[in-house]
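J.: Got a structure here, written out as structure tokens. Questions coming.
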Amino acid sequence: MIRHIDAGIANKILNIDNNYQLALLDGFNDLFKKEPLEVSRNIFLIKTDGQVIWRIYSKNDKFGDSFTNIYEKDGKFKAYRWDGGQYDIDIETGLATPEILIR
């Protein structure tokens, strides 16, 4: 279980407020080498000190299907995967729900 993320290793950070951040890590990061299926869960909600609050999950998680971007749109947090699927992120729980295919 990953309990701490150094924001310096993140590909992208989105500030949620003064205390929390969404951190997107590269799916090829060394953190995932021991758990290849976990590559699909490469977004974390962290405190500004790096403590992990939750790790993203979806009912569609599969081997190697990592997220490649995170962004905020109209006050909601979104992510998309390398295969073109866009997801809505529940900021309270980390559940990623598929919305559209944006290829």
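Bear in mind these aren't lab numbers, they're just calculated from the coordinates by the rules spelled out. These numbers come from a predicted model, not from an experiment. Virtual Cβ from ideal backbone geometry, glycine too; neighbours counted across all protein chains shown.
J.: Scanning the chain for chymotrypsin sites (Phe, Trp or Tyr not before Pro) in DSSP loops with at most 13 other Cβ atoms within 10 Å, what's the longest stretch left with none?
T.: Of all site-free stretches, the longest is 29-62.
J.: Right, something else. Stretch residue 16-residue 92 to full length: gain in nm at 0.36 nm per residue minus the Cα-Cα span?
T.: Using 0.36 nm per residue and subtracting the Cα-Cα distance, I get 26.2 nm.
J.: How far apart, in nm, are two points set 7 Å out from the Cα along the Cα-to-Cβ line at residue 54 and at residue 33?
T.: 3.0
J.: Identify which of 72, 92, 38 has the largest mean-square fluctuation in a Gaussian network model of the chain, with springs joining Cα atoms closer than 10 Å.
T.: Among 72, 92, 38, the largest GNM mean-square fluctuation belongs to 92.
J.: Given 10 Å bins starting at zero, what is the percent of C-alpha pairs of segment 7-101 in each, up to the one with the largest pair distance?
T.: Final binned percentages: 17, 55, 26, 2.
J.: If you place +1 on the Cβ of every Lys and Arg, -1 on the Cβ of every Asp and Glu, and leave all else neutral, what size is the dipole of segment 7-101 about its Cα centre, to the nearest 20 Debye?
T.: With Lys and Arg at +1 and Asp and Glu at -1, about 140 debye.
J.: Where both residues lie in the chain, what percent of DSSP beta bridges are antiparallel, nearest 5?
T.: Values: 28 of 29 bridges.
Rounded to the nearest five, the antiparallel share is 95 percent.
J.: What relative contact order, as a whole-number percentage, does the chain give when Cα pairs under 8 Å and 6 or more residues apart are counted?
T.: This gives 20 percent for the chain.
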